[in-house]
Amino acid sequence: MNFNPATHKTLEDKVLALPNGSPREQFEARERRFMSPFGCLSSTARRRVVNTAPCPVRTAFQQDRDRIVYSNAFRRLKYKTQVFLNPLGDEYRTRLTHTLEVAQIARTIARAMFLNEDLAEAIALGHDLGHTPFGHGGEIALKEIYSPGFTHNKQSLRVVDCLEKNGRGLNLTLEVRDGILKHSKGFGQVMPDNPAELPITVEGRIVRFADIMAYLNHDLDDAIRSGVIDAHQVPDTCLQILGRSHSERAIRMIRDLITNSHITEDGLDLQMSVSVNEAMQTLRHFLYENVYRSERVHQEFVKAKKILSDLYAHFLDNASALQNELRSMDMNGCNNRSQPRERLVCDLLASMTDRYAMSLYKRIFFPSPTV
């Protein structure tokens, strides 16, 4: 495209007409003008480590988003399982594509409700950073071999606080950290009854909805594509209420949340209609029983559990091998080395991708051919 001086002059005039201050301050002023009173303003964000200068261009939540996207843990998500192990095929979702879909849904909802899109996106992009290899099967394995208290959401917070940048962490805002920690539902309700488990921001609560909307939709697609289930097995009520295609279901769930949420004395209450909520719960139960707990998926995760269990025992007994692996993954900072060995082994295993864990297992436990 050729340079047009007239267009350049018009743009220059618009920039000069903006309020005084840095680009970040100008955007913060813009947020105060257009954002709903229930949204979280970037200018009120609180950092975990306070003694850092604000970015002159990006708001605090935009900066958090970028720190997450450029992290080692985020890049590893592309080779971590969502439901089906990575080697199954390139078209199946991974933790990375799941994360991107959650972020898009969260941004769409936040924009429609005049909330902070950047905060919702940052939480969504960071919510699964601590997820184990081999999906929820890997999480269950670490619960058994390391600690019953291990959860991927707690591990995600540990990643951004303690493991990234060789032990220094990403120094994210408290609002993003809170949303990451409290995004998980397990088998529970989308919105917990316990106030202590509820994200402190509406944007964090939106991510909880976006997470379930994303995985219900794409896990159903992948299960049908893989042949684990047939399309005709999906309950009729789900098809009638939510729709028969990915886009129909996504639009129906997103629009339903936006139109049924309402203002109360306590703030903005995120709600869905009874019919859509019940259809989502029906689909959720169907996927748990017919996909996540199916014999085909279960058998693969039995193998995955064996891999993680053997690797855990190996590194627990070999301190030098453990330190070498932590160093290769930029996780050997002084803050990390002071942790108990069990904690370090858990951090190492949880950070591995599926393919790396399988490759390492083969290298350690398979015999090498002799010359």
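The values are calculated or read from the model by the stated rules, or taken from the named source; none is laboratory data. From a predicted model like this one, the values you see are computed outputs, not experimental measurements. Neighbour counts are summed over all protein chains in view; Cβ atoms, including those assigned to glycine, are modelled from backbone coordinates with ideal geometry. SASA here: full protein model, heavy atoms, side chains in, ligands and nucleic acids out. Shrake-Rupley method; radii C 1.70, N 1.55, O 1.52, S 1.80 Å.
Please work out the FRET efficiency for the pair residue 22 and residue 319, using the Cβ-Cβ distance as r and a Förster radius of 41 Å; give the result to the nearest 0.05.
On the way: r = 48 Å, r/R0 = 1.18.
According to the calculation, E is roughly 0.25.
What FRET efficiency comes out for residue 343 versus residue 365 if R0 is 22 angstrom and r is the Cβ-Cβ distance? Round to the nearest 0.05.
On the way: r = 23 Å, r/R0 = 1.06.
Rounded to the nearest 0.05, the efficiency is 0.40.
Structure shown: which of 78/362; 78/306; 143/306 lie over 18 Å apart, alpha-carbon to alpha-carbon? Present the calculation step by step, with values, prior to reporting the outcome.
Values: 78/362 21 Å; 78/306 22 Å; 143/306 14 Å.
As for pairs spanning more than 18 Å Cα to Cα, those are 78/362; 78/306.
Which helices, taking whole DSSP H runs in the chain, have alpha carbons extending 27 angstrom or more along the helix axis plus mean Kyte-Doolittle at least -1.0?
On the way: long enough: 202-226 (36 Å, -0.02); 295-317 (33 Å, -0.38).
Passing helices, by number: 202-226, 295-317.
Apply 1/(1 + (r/R0)^6) to the Cβ-Cβ distance of residue 289 and residue 66, taking R0 = 41 Å, and write down the FRET efficiency to the nearest 0.05. Before the final figure, lay out each step's value.
Values: r = 40 Å, r/R0 = 0.98.
So the FRET efficiency works out to roughly 0.55.
Taking 37 °C and 0.692 mPa s as the conditions, I'd like the Stokes-Einstein D for the range 224-371 in µm²/s, using the Kirkwood hydrodynamic radius from alpha carbon pairs. Present the calculation step by step, with values, prior to reporting the outcome.
Values: Rh = 19.8 Å.
Stokes-Einstein gives a translational diffusion coefficient of 166 µm²/s.
Going highest first, how would you order 222-228, 146-152, 362-368 by mean Cβ packing within 10 Å? Working shown, then result.
Values: 222-228: 17.4, 146-152: 15.0, 362-368: 9.1.
Averaged packing, sorted descending, gives the order 222-228, 146-152, 362-368.
Please compute the modelled spin-label separation between residue 224 and residue 330, points set 7 Å along Cα→Cβ, answer in nm with one decimal.
So the two model labels end up 4.0 nm from each other.
Evaluated at 10 °C with a viscosity of 1.306 mPa s, what Stokes-Einstein diffusion coefficient in µm²/s does the range 132-245 have when Rh comes from the Kirkwood expression over alpha-carbon pairs? Provide the component values of the computation, followed by the final result.
Working: Rh = 16.5 Å.
D, rounded to a whole number, is 96 µm²/s.
Tell me the Rg and the Dmax, in Å, that the Cα atoms of the range 95-178 produce.
14.2, 45
Using 0.36 nm times the number of residues separating residue 111 and residue 303, minus their current alpha carbon distance, what extension gain do you get?
Extra length available between residue 111 and residue 303 comes to 64.8 nm.
Measuring from centroid to centroid over Cα atoms, what is the spacing of the range 265-289 and the range 97-160 in Å?
19
So between residue 269 and residue 91, what do we pick up on full extension, going 0.36 nm a residue minus the alpha carbon distance? Working shown, then result.
Values: separation 178, 0.36 × 178 = 64.08 nm, distance 3.66 nm.
My answer for the length gained is 60.4 nm.
If packing is taken as the average count of other Cβ atoms within 10 Å, what order do 211-218, 47-54 fall into, highest mean first?
On the way: 211-218: 22.0, 47-54: 11.0.
Descending packing order for the listed peptides: 211-218, 47-54.
Run lengths n ≥ 4 of DSSP H only: what is the helix-derived mean residue ellipticity at 222 nm for the chain, with -39500 (n - 2.57) per run over all residues, to the nearest 500?
Numbers: 18 runs with 214 residues, N = 371.
The helix-only estimate for the chain comes to -18000 deg cm²/dmol at 222 nm.
So for the pair residue 232, residue 198, with labels modelled 7 Å out along Cα→Cβ, what separation do we get in nm?
4.6
Ignoring everything but the protein chains, give the 1.4 Å probe accessible area of residue 351 in square angstrom, nearest 10.
10
Pick the calculated P(r) over Cα pairs in 20 Å bins from 0, in percent for this structure from [x] 31, 60, 9, 0; [y] 31, 57, 12, 0; [z] 27, 53, 19, 1?
Evaluating P(r) over Cα pairs in 20 Å bins from 0, in percent on these atoms matches [z].
For the range 174-235, treating each Cα as an identical point scatterer without solvent, what Debye log10 I(q)/I(0) comes out at q = 0.14, 0.20, 0.22 1/Å?
The computed values of log10 I(q)/I(0) come out as -0.50, -0.75, -0.83.
So for each of 287-298, 97-108, 130-141 I average, over its residues, the number of other beta carbons within 10 Å; can you give me the resulting order with the highest mean first? Mind showing how you got there, number by number?
Numbers: 287-298: 14.4, 97-108: 22.1, 130-141: 23.7.
For the peptides 287-298, 97-108, 130-141, the packing ranking is 130-141, 97-108, 287-298.
Could you list the residues of the range 238-265 with an amide nitrogen less than 20 Å from a label point located 7 Å from the Cα of residue 278 in the Cα-to-C-beta direction?
Within reach of a label on residue 278, which here means backbone N under 20 Å from a point 7 Å along Cα→Cβ, the range 238-265 contributes 238-244, 249, 252-261.
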